[in-house]
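Working notes for the structure below.
The values are calculated or read from the model by the stated rules, or taken from the named source; none is laboratory data. Not measured: the values here are computed from a predicted model. In this analysis, Cβ positions are derived from the backbone assuming ideal geometry, glycine residues included, and neighbour counts consider all displayed protein chains.
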Amino acid sequence: MRCLVTGGNVKVLGKAVHSLSRIGDELYVEPTEDGLSLRAVNSSRSAYTCFLFAPLFFQLYEEGSPDPDGETFRCKVLMKSFLSVFRSLPSLEKMVEKCLISLNPRASRLVVQLHCKYGVTKTHNLSFQECELLQAVFDKELCANMLRAPARVLVDAVIHFPVTLAEVTLGVSPAGKVSFRNYLDEETEPSRTMVTELCLSEDEFQDVQVQQQSHVTFCLKEFRGLLSFAESSNLPLNIHFDSPGRPAIFTLSDPLLEVHLVLATLSDPNSSSQVRSTTLQARPANGAFPTATPDDDFMGDDIDSYMIAMETTCEEGPGLPSSPTFPQRCPHPGAALESESSTMESDLEGAVPGTPPQKKFRSLFFGSVLTQSQAGTHPGPSQDVLAEDSEGES
Amino acid sequence: MFFPTELQTTTLQAKLFCPVLEVLGSHLLKLYPIGVINTIAKLAKTCTLRLTVDKLYFILTDKVANGGVSMWCELSQGNFFDEFQMEGVAAEHNEIYLELTPENLSRALKTAQNAKMVKIKLTNKHCPCLTVAVELPSLSSSSRIVTHDIPVGVIPRRLWNDFREPSVPDFDVSIYLPVLKTMKSVVERMKNLSNCIVLEANLNGEMNLKIETDLVSVTTHFKGLGNPPWVSEDGSQNSTQDRDPESMAEARIDIRKLLQLLAGQQVNPTKALCNIVSKRIVHFILLHEEVSLQYFIPALA
């Protein structure tokens, strides 16, 4: 893979990397025929982001030939290392004329070369690790509510909250009121904490589609990371969300770049939507994963939290038992899933309050969306939700 | 409806929770009060807010929990609010005492920088709260409204005596402080070397800041500061006139407390002075146009 970024796009790339760095410690790099995708996920699997740069974003874009198995090459690098190349945005803007990223599977390095003014070239050789597909399963079409606003409006909204605030609750009503409120978790005493609420009218939004009154709580820090990118790009931000517990999807798009940020939202233990939110939880093949119900307190006394069930599956061949909960389209959970689930269970049993992350959001479902034959036609970030409502199944 | 909740009284505390406070002011945006509230937020985690018809007071009493420091800050409400409506617990005691976290107030007012209107009201949501509602300009026809509910404790009248204004101590030396920014940078560097600092001054306008450890001692000398003229109540000259002008009065105080006071100053006060009671206490007085702040730091043993 080789791609060359020039001019103002270098800064856009830099800003994207900064935004990605707010999410996870590893950067997943995957060149596809639709463009270069950069993804990150956080350690608790409650936040996922994907920046897809179309081939036209680059002055030169060579995807590279797929390996003999027909699989596109993908790898991950340490976010810290990649970020250090783009650390100083002002100097990127002033000094860097071109940025060449090349990836050779047979070599052991991802090379990022910055061609700067005055004949200076900085070459960064980053080591990478081959990795499995990182793909969160979500479908914004299934979300009942949608808001679209210029990033500026949302930046102005969150500025009223302290930088240290962990979660924020977004509320909408059919009457056209949109509110942001700081979220107080069970550990904070309500009589000692300030509650801040900002109300915006729907006039401030470019589009508001709200079916019913709802509110969702998500992590503010990760959202701010996307906001700062959105602000500099001048693109409107779309927020798709549904009921508490279902992920909130934030998107930006433009012909050259598509950005998705998926954040898990806190499920509301008192609402009936609790049941629906189990849809997004992956189950191991043997179905031994405990069903998440309001009464289930295997996590201790934090009934809002469920261990994130996440699988990054790889394209293992047939021969592994298919999970009864996955529909036919996704029949082959890989070996990774098995080991993942056993660690998950032991983690759950031994969960110690105080081990990070303190708050465990409803999981995002990451699924293997490709069978062997479908590997070549990678559908892109918007996927159908593959797991059906698993309520009632063992 | 601007406010989501109206003031409610609970049956248990009907007598205590009668105060009504509704303050309307767009002038709250002036730099001084916000600056002072920021200072207070740095000085104390919690403090008492006393509201009377004319003034607002931020009070910190010298409890052990505060390390013996105490503070008295006075603002005239007329300078900041367009409308001020208050009803204390009883007609003859038309005052309200609230316990709150000044940092919350400081954060809430930060959002009021560009506000069209700020309204402060005492409400009872999940608990008694000082609700600060800010109407902000927006790109659309309707304004943005930010509300901050700051939890407060209503202090019952029987405890009001704890919050009386401290009297000016019988000091040995009174001297104007050097430019606070300079003083702050000096003290900041000293902080790395020692936990205690000796503040000494005389009636010749000289002040020294000293630290002394086993390994090093550092002294910074300030001259030509001037001594404020104090007149005692009976009109006679201050007893300090009999004092040898060269003789230093000194007090050894916790350097962090001094730094908290200096670091919080964002706007240079009109007048800044301190009164030293040798080996007992240092009394700082900072005056801005509409605000006065007094801060007492006890001397260490």
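Observations on the structure shown:
- Selection count where residues are of a type outside the set (Asp, Glu) and more than 12 Å from every other protein chain (Cβ to nearest Cβ), scope the stretch A:158-198: 10
- Checking each residue in the stretch A:150-166 for being in contact (Cβ under 8 Å) with a residue 24 or more places away in the chain and among the charged types (D, E, K, R) picks out only A:Arg152.
- Test: B:Ser174 is more than 14 Å from every other protein chain (Cβ to nearest Cβ), closer than 27 Å to B:Tyr295 by Cα and either assigned to a strand (DSSP E or B) or in contact with a strand residue (DSSP E or B) (Cβ under 6 Å, 6 or more places away or on another chain) (or both): yes
- Residue that is surrounded by the fewest Cβ atoms within 10 Å (Cβ to Cβ) [pool: residues in the stretch B:138-150 that are touching a helix residue (DSSP H, G or I) at 6+ places or on another chain (Cβ under 7 Å) and either among the polar types (S, T, N, Q) or more than 10 Å from every other protein chain (Cβ to nearest Cβ) (or both)]: B:Ser141
- Scanning the stretch A:199-217 for residues that are surrounded by 14 or more Cβ atoms within 10 Å (Cβ to Cβ) and facing chain B (nearest Cβ under 10 Å) yields A:Cys199, A:Leu200, A:Ser201, A:Glu202, A:Glu204, A:Phe205.
- Listed here are the strands (runs of 3 or more DSSP E) enclosed by the stretch B:68-124 that have at least 1 residues being of a type in the set (Asp, Glu): B:70-76, B:83-87, B:96-100.
- Matching residues in the stretch A:72-122 - criterion: being small (Gly, Ala, Ser) and at pLDDT below 90: A:Ala107, A:Ser108
- Filtering A:Thr188, A:Thr164, A:Thr169 for residues that are in contact with a Phe, Trp or Tyr (Cβ under 8 Å, 6 or more places away or on another chain) and not assigned by the TED database to the domain that holds A:Phe51 leaves a single hit, A:Thr169.
- Filter result for A:Thr169 (touching a residue at least 12 places away in the same chain (Cβ under 8 Å), of a type in the set (Ser, Thr, Tyr) and either more than 18 Å from A:His240 (Cβ to Cβ) or surrounded by fewer than 16 Cβ atoms within 10 Å (Cβ to Cβ) (or both)): no
- On inspection, A:Glu141 passes the criterion of being within 19 Å of the chain's Cα centre (by Cα) and either surrounded by fewer than 21 Cβ atoms within 10 Å (Cβ to Cβ) or within 14 Å of chain B (Cβ to nearest Cβ) (or both).
- Total residues in the stretch A:234-257, condition touching a Pro at 6+ places or on another chain (Cβ under 7 Å) and more than 24 Å from A:Gln212 (Cα to Cα): 0
- Wholly within the stretch A:62-130, strands (runs of 3 or more DSSP E) carrying at least 1 residues that are more than 23 Å from the chain's Cα centre (by Cα) and without any contact (Cβ under 8 Å) to a residue 24 or more places away in the chain: A:109-116, A:121-130
- Within the stretch B:112-122, tally of residues that are within 11 Å of another protein chain (Cβ to nearest Cβ) and surrounded by 21 or more Cβ atoms within 10 Å (Cβ to Cβ): 1
- Yes/no for B:Ala249 being under 10 Å from B:Leu180 (Cα atoms) and in contact (Cβ under 8 Å) with a residue 12 or more places away in the chain: no
- Just one residue in the set A:Ala149, A:Ala136 is at pLDDT below 90, buried (at least 16 other Cβ atoms within 10 Å of the Cβ) and under 26 Å from A:Gln209 (Cβ atoms); that residue is A:Ala136.
- Residue among B:Lys30, B:Lys110 that is charged (D, E, K, R), over 22 Å from A:Arg192 (Cβ atoms) and either at pLDDT 75 or above or within 17 Å of the chain's Cα centre (by Cα) (or both): B:Lys30
- A:Ser19 passes every criterion in (1) part of a helix (DSSP H, G or I); (2) more than 25 Å from A:Phe229 (Cα to Cα); (3) in contact with a strand residue (DSSP E or B) (Cβ under 8 Å, 6 or more places away or on another chain) apart from (2).
- Test for B:Glu135: is it among the acidic types (Asp, Glu), surrounded by fewer than 21 Cβ atoms within 10 Å (Cβ to Cβ), within 14 Å of chain A (Cβ to nearest Cβ) and outside any helix (DSSP H, G or I): yes
- Checked against the criterion of being within 14 Å of chain A (Cβ to nearest Cβ), out of contact with any helix residue (DSSP H, G or I) (no Cβ under 6 Å at 6 or more places or on another chain), touching a residue at least 60 places away in the same chain (Cβ under 8 Å) and surrounded by fewer than 21 Cβ atoms within 10 Å (Cβ to Cβ), the stretch B:151-163 contains one or more residues that satisfy it.
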